[in-house]
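A.B. asks: Here it is: the structure, laid out below.
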Amino acid sequence: MLFTSDNWAGVHPAIMNAIAEANDGSVPAYGNDALSRRVTSRFEEIFEHECHVFFASTGGAANGLALSQLVPPYGGTFCHEVSHVQMDECGTPEFYSGGAKLLTLPGRDAKLTAAAVEEGMRFYTPPMTHHVLPKAVSLTQVTEAGTVYTPDEIGAIGEVAKRHNLKVHMDGARFSNAIATLGCAPADVTWRAGVDVLCFGATKNGALCAEAVVFFDKAHTEEFAWRHKRAGHVWSKARFMAAQWEAFLSNDLWLDLAGNANAMAARLGDRLGALPGITIAHPVQANEVFLTFPDGVAQQLLDQGAQFYDWVYPGDEWNGQLKRLVTNYVTSEQEVDKFIDLVGRTIGNS
């Protein structure tokens, strides 16, 4: 009954095998190998667009580096007030950009809207040297509330961003889960909708450590190559990063793994939401369930072996009672049903 984080899951066997297979022989370093070139071509097939791909070891570094390319030290990035770049990256975007400010905006279910970005720009229009200069919008897909932006929602934000000369960054640590939910082409929620750079994560969905900064415009790439190297995220043995991506993106493995995680979260949300005293706080649209239990029940569940996290954030309307359940690619129906049965019995005995 492990529902703490998808980071707790191990490496998928196909990805581990791919790493082992890449270990055969000697090849050129720093991404100058055939496998790395094949992976870039695979990205371009999936996104139906020219892609300029830079690997990173962590999602935090990917986000920070990508935003540093879009936003100067005197600039600002609009993001949701509970977004990952704001809440959980220890100032990484500010560090890599040399001090660029995150400009937080509200939004239901952790989602920005085109109207919120437009309102945010009102304070900064016309530009003044007393204020930072907004240069980007950062979207988290899947959001920190487990919700998913649709192509139309991203497209509307993209139009506002274009009108105000803002670039659009997407934190896609759970991008696979979003596409598995939406069933659309990856292009429909990225470059076609106005996204300039995607930080595509595989680590939460079965990889060892595989993050990719994907630019859809070559204009950003020459300078970024130096940022990438200076940050220490250029792997000398890049084939082992590329091997993970090749396996991950082959035969729709990335979507199959995310699909299982999503289905298990939906099962949790549907059945727990039907139990007395439980409130589902946000729509369950990917692999996370946010909910409140009746008083005392959460601790009893933990005492009986279930594992999940408290979820507290500024302005928390749930008075500190919100819990987060996260499923992953190995979560099973049996594990979910065991937990649901435990919750039902615990509530009944309370």
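The values are calculated or read from the model by the stated rules, or taken from the named source; none is laboratory data. Everything quoted here is computed from the prediction, not taken from an experiment. Note that each Cβ is placed from the backbone with ideal geometry, even for glycine, and that neighbours are counted across all protein chains shown. Side chains included, ligands, DNA and RNA excluded: accessible areas come from the protein's heavy atoms. Shrake-Rupley method; radii C 1.70, N 1.55, O 1.52, S 1.80 Å.
A.B. asks: Between Leu103, Leu112, Leu65, Leu133, which is more than 28 Å from Pro283 (Cα to Cα) and crowded, with 20+ Cβ neighbours inside 10 Å?
C.D. replies: After ruling out the rest, the residue left standing is Leu65.
A.B. asks: All but one of (1) crowded, with 22+ Cβ neighbours inside 10 Å; (2) farther than 27 Å from Ala114 by Cα hold for Ala180, so report the exception by its number.
C.D. replies: (2)
A.B. asks: Now, a different point. Within the stretch 308-338, track down each residue that is within 18 Å of the chain's Cα centre (by Cα) and among the polar types (S, T, N, Q).
C.D. replies: Of everything in the stretch 308-338, those that are within 18 Å of the chain's Cα centre (by Cα) and among the polar types (S, T, N, Q) turn out to be Thr327, Asn328.
A.B. asks: Further question on the same structure: Name the single residue that is least open to solvent (accessible area, probe 1.4 Å) among those in the stretch 226-278 being farther than 20 Å from Arg37 by Cα, basic (Lys, Arg) and in contact (Cβ under 8 Å) with a residue 40 or more places away in the chain.
C.D. replies: Top of the filtered list is Arg267.
A.B. asks: For the stretch 1-83, give me every one of the helices (runs of 4 or more DSSP H) that falls completely inside it and has 2 or more residues that are within 22 Å of Asp196 (Cα to Cα) and touching a helix residue (DSSP H, G or I) at 6+ places or on another chain (Cβ under 6 Å).
C.D. replies: Of the helices (runs of 4 or more DSSP H) lying wholly inside the stretch 1-83, those with at least 2 residues that are within 22 Å of Asp196 (Cα to Cα) and touching a helix residue (DSSP H, G or I) at 6+ places or on another chain (Cβ under 6 Å) span 34-47, 59-70.
A.B. asks: Anything in the stretch 197-219 that is of a type outside the set (A, V, I, L, M), more than 12 Å from the chain's Cα centre (by Cα) and buried (at least 24 other Cβ atoms within 10 Å of the Cβ)? List them, or say none.
C.D. replies: Gly206
A.B. asks: Another one. If you take the residues of the stretch 86-110 that are in contact (Cβ under 8 Å) with a residue 24 or more places away in the chain and farther than 30 Å from His228 by Cβ, which of them is nearest to the chain's Cα centre (by Cα)?
C.D. replies: Per the stated criteria, the residue is Asp109.
A.B. asks: Filter the stretch 199-223 down to residues that are modelled with pLDDT of 95 or more and either charged (D, E, K, R) or at positive phi (or both), then give me how many there are.
C.D. replies: Selection size over the stretch 199-223: 3.
A.B. asks: If I ask for residues that are touching a helix residue (DSSP H, G or I) at 6+ places or on another chain (Cβ under 9 Å) and polar (S, T, N, Q), which ones from the stretch 143-181 would you list?
C.D. replies: Listed by number, the residues that qualify are Thr143, Thr147, Thr150, Ser176, Asn177, Thr181.
A.B. asks: Considering only the stretch 14-27, state which residues are open to solvent by less than 80 Å² (accessible area, probe 1.4 Å) and more than 10 Å from Ala243 (Cβ to Cβ).
C.D. replies: Scanning the stretch 14-27 gives Ala14, Gly25, Val27.
A.B. asks: Has the stretch 30-48 got any residue that is open to solvent by less than 20 Å² (accessible area, probe 1.4 Å) and over 21 Å from Pro186 (Cβ atoms)?
C.D. replies: Yes, the conditions are met somewhere in the stretch 30-48.
A.B. asks: Among the residues of the stretch 279-328, which ones are touching a strand residue (DSSP E or B) at 6+ places or on another chain (Cβ under 9 Å), outside any strand (DSSP E or B), surrounded by fewer than 19 Cβ atoms within 10 Å (Cβ to Cβ) and in contact (Cβ under 8 Å) with a residue 12 or more places away in the chain?
C.D. replies: Within the stretch 279-328, Trp318, Gln321 meet the criteria.
A.B. asks: Restricting to the stretch 111-164, what's the tally of residues that are in a loop (DSSP other than H, G, I, E, B), in contact (Cβ under 8 Å) with a residue 60 or more places away in the chain and not small (Gly, Ala, Ser)?
C.D. replies: Final tally of qualifying residues: 5.
A.B. asks: Still on this model: Search the stretch 205-231 for residues being among the aliphatic types (A, V, I, L, M) and assigned to a helix (DSSP H, G or I), and hand back the single one that is nearest to Asn17 (Cα to Cα).
C.D. replies: Ala225
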